[in-house]
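The values are calculated or read from the model by the stated rules, or taken from the named source; none is laboratory data. Small disclaimer: the values here were computed from a predicted structure and weren't measured. Cβ placement follows ideal geometry from the backbone for every residue including glycine, while neighbour counts extend to all protein chains displayed.
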Amino acid sequence: MTIIDSQVHAYEPNTPRRPWHSVPNWPDHVTGDEMVGAMDKVGVDGAIFISPFSMYRYDASYAVEVKRTYPGRFALVKPVDPQDPAVGEVVAEWKATPGAVGIRIMMPKEAGLDPVSPGVDRILRAAVHNDFPVNILCWGNLGAAVTMIDRHPDTRFIIDHLGLLQPYVPPAPAEPWADLPKVLELAKRRNVVIKVSGACTLSRQPYPFDDIWDPLARIFDAWGFERCLWGTDWTRAFAVVSYAEGVEPFRMTHRLSESERDMLMGGACVKAYGWTPHVPPHAQE
């Protein structure tokens with residue numbers, strides 16, 4: 001089975017050479033080398049490297065550097081700016097970047113992004129023109145995401161983190177699955193797939209987080225495994241779970257058949273992004 005993590009973030013220390021925009025409660029650094037090391041320890045073959053918005057905003061240069069070093073291990077997604085009148089050109093330039101497989105729109109409620117704004121329309125038209133899926137961070141704001149999705153039926157969308165608000169520190173919210181009915185309703189839109197990323201951070205039980213499986217089963221039933229992309233959302237999740245703790249419950253659970261696990265932990269990601277990792281032989285030792 002090829003295992004692909006649908007969402008990881010790596011970054012350098014905060015230095016004047018590449019300063020952070022903000023300082024989240026993440027480790028001082030999780031470099032590309034460190035991310036690959038963590039993946040190798042638990043048998044993750046490749047990952048979709050989402051350039052971390054908290055630190056670098058719309059600058060994906062570090063992700064590009066890491067991709068050059070590990071060309072077979074990462075594919076790249078960068079956030080794009082709806083306020084940039086030249087965002088269409090930005091998307092076209094990103095399309096020409098080796099390893100680029102998608103773009104991202106940040107639309108949590110606090111961002112105040114109008115889903116029918118001209119800037120959003122520019123991004124989504126450019127995504128269709130360049131054959132890119134659009135990743136959406138819309139936790140706590142699923143209604144706005146639905147408005148945007150319904151206005152653009154020709155755009156391919158990927159919903160980050162189950163569309164559910166997830167914690168940066170423990171414990172999980174009192175009602176972590178409160179928006180589950182909205183997530184199930186969203187499954188009716190056939191131009192959308194969903195990342196089952198960061199799911200372990202929603203558990204109110206200790207490792208191996210057995211309470212996630214009943215709500216996840218409802219998501220799998222509604223969306224189908226071909227539209228569900230497993231991922232860790234590490235390092236955002238680091239204060240709640242270790243990297244291994246985000247991987248092993250999905251590899252070890254008896255709630256998934258082998259074919260379901262194969263699709264959830266790799267096959268659906270290949271379908272969504274059109275990318276397959278290549279692992280050097282030494283990483284498999």
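So that you can scan it fast, the table gives a plain yes or no per residue for (1) closer than 30 Å to Val23 by Cα; (2) touching a strand residue (DSSP E or B) at 6+ places or on another chain (Cβ under 6 Å):
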site: Pro215; (1), (2): no, no
site: Ile219; (1), (2): no, no
site: Thr232; (1), (2): yes, yes
site: Gly266; (1), (2): no, yes
site: Gly274; (1), (2): no, no
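Cβ contacts < 8 Å: first residue among the hydroxyl-bearing types (Ser, Thr, Tyr), restricted to region 130-158; second residue part of a loop (DSSP other than H, G, I, E, B) and surrounded by fewer than 22 Cβ atoms within 10 Å (Cβ to Cβ), any location; separation 6+ or different chain. Result?
Matching pairs, first to second residue: Thr147/Val116; Thr155/Asn191.
Please state which of the following conditions Arg122 fails to meet, knowing it meets all the rest: (1) closer than 30 Å to Pro71 by Cβ; (2) surrounded by 15 or more Cβ atoms within 10 Å (Cβ to Cβ).
Just one mismatch for Arg122, condition (1).
Could we say that Val36 is in contact with a Gly (Cβ under 7 Å, 6 or more places away or on another chain), under 24 Å from Ala239 (Cα atoms), part of a helix (DSSP H, G or I) and not charged (D, E, K, R) here? If you could, list the steps in order and put the result at the bottom.
Values: in contact with a Gly (Cβ under 7 Å, 6 or more places away or on another chain): no; under 24 Å from Ala239 (Cα atoms): yes; part of a helix (DSSP H, G or I): yes; not charged (D, E, K, R): yes.
No; evaluated as a whole, the condition is false for this residue.
Those residues that are among the aliphatic types (A, V, I, L, M), over 19 Å from Met148 (Cβ atoms) and touching a Pro at 6+ places or on another chain (Cβ under 8 Å), I need them from region 76-131; list them, please. It would help to see each step written out before you state the result.
Residues of region 76-131 among the aliphatic types (A, V, I, L, M): 76-77, 80, 86-87, 90-92, 96, 100-101, 103, 105-107, 111, 113, 116, 120, 123-124, 126-128.
Now restrict to residues that are over 19 Å from Met148 (Cβ atoms): 76, 86, 92, 96, 100-101.
Selection gives Val101 alone.
Scan region 263-279 and tell me whether some residue there is out of contact with any helix residue (DSSP H, G or I) (no Cβ under 8 Å at 6 or more places or on another chain), over 30 Å from Arg190 (Cβ atoms), of a type outside the set (S, T, N, Q) and in a helix (DSSP H, G or I).
no
Answer with yes or no whether Pro181 is modelled with pLDDT under 95 and surrounded by fewer than 20 Cβ atoms within 10 Å (Cβ to Cβ).
Judged against the criteria, Pro181 is not a match.
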